[in-house]
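Each remark here refers to the structure printed beneath this line.
The values are calculated or read from the model by the stated rules, or taken from the named source; none is laboratory data. Quick caveat, the model's predicted, so the values are computed rather than measured. Using ideal geometry, Cβ is built from the backbone for each residue, glycine included, and neighbour counts are taken over all protein chains shown.
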Amino acid sequence: MTCHRCKTEMKAEKIPVYHYKESGLDNVRLEGVTLLKCERGHKLIHIPHIEMLHDAIAYNTLKKPPLLTAQEFRFLRKWIGLTMNELAHELAVSRGTIHRCEKKGEITRPYDHLLRMLVAKKKESSCQRQMYLEIAMHEVFEKMVKRHLKSAKMTIDVEKLPQHPSQASRQPQSQYAGL
Ligand SMILES: [Zn+2]
């Protein structure tokens, strides 16, 4: 692959553990991520199966026992593709309420549950797919969920994310994030 900025060849290098800050969550670490670097030091991160990865993060966030943190609330809102205004409308609350949840972490039990139910409804097929995959994912998930921690550390090996049968024939989804 050539660098999109200086057109020189890029070298690939595996990163043992990548802190996936782009997710907006502090607690997600990825294994199996590739760093591409050109001679002039431009960097690109390659994360395979990005859609499945976000599904896995969201699903684990949905089923964690403690209340959602501000970061998790925001991640789930974005995962279902809603703006803060749209979410406020869906939940019949003010935009200020959503703002307080996401910026100040003032998430009470009712708002936590409302969002989780809305997400489960809007992403029913993704959640079902994740449940279906859970047996195959057992090893991956085992590392991810530690109960009773407010925000459990997740380490996900992106190369081990299984493909759903309906996706097996498609090209693997990837994302390049410029650094
Ligand atoms: Zn370059």
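General observations
- Glu13 falls short on exactly one of the conditions (1) out of contact with any Ser or Thr (no Cβ under 6 Å at 6 or more places or on another chain); (2) surrounded by 14 or more Cβ atoms within 10 Å (Cβ to Cβ); (3) over 21 Å from Arg109 (Cβ atoms), and that condition is (2).
- Scanning segment 46-61 for any residue that is within 16 Å of the ligand (Cβ to nearest atom), at pLDDT below 90 and closer than 19 Å to Lys21 by Cβ turns up at least one such residue.
- If the condition is being charged (D, E, K, R) and surrounded by 18 or more Cβ atoms within 10 Å (Cβ to Cβ), then segment 76-101 contributes only Arg77.
- Subset of segment 17-42 that is touching a residue at least 12 places away in the same chain (Cβ under 8 Å) and among the small types (Gly, Ala, Ser) - its residue that is nearest to the ligand (Cβ to nearest atom): Gly32
- Flag if Leu87 is among the aliphatic types (A, V, I, L, M), farther than 15 Å from Asn27 by Cβ and out of contact with any Asp or Glu (no Cβ under 6 Å at 6 or more places or on another chain): yes
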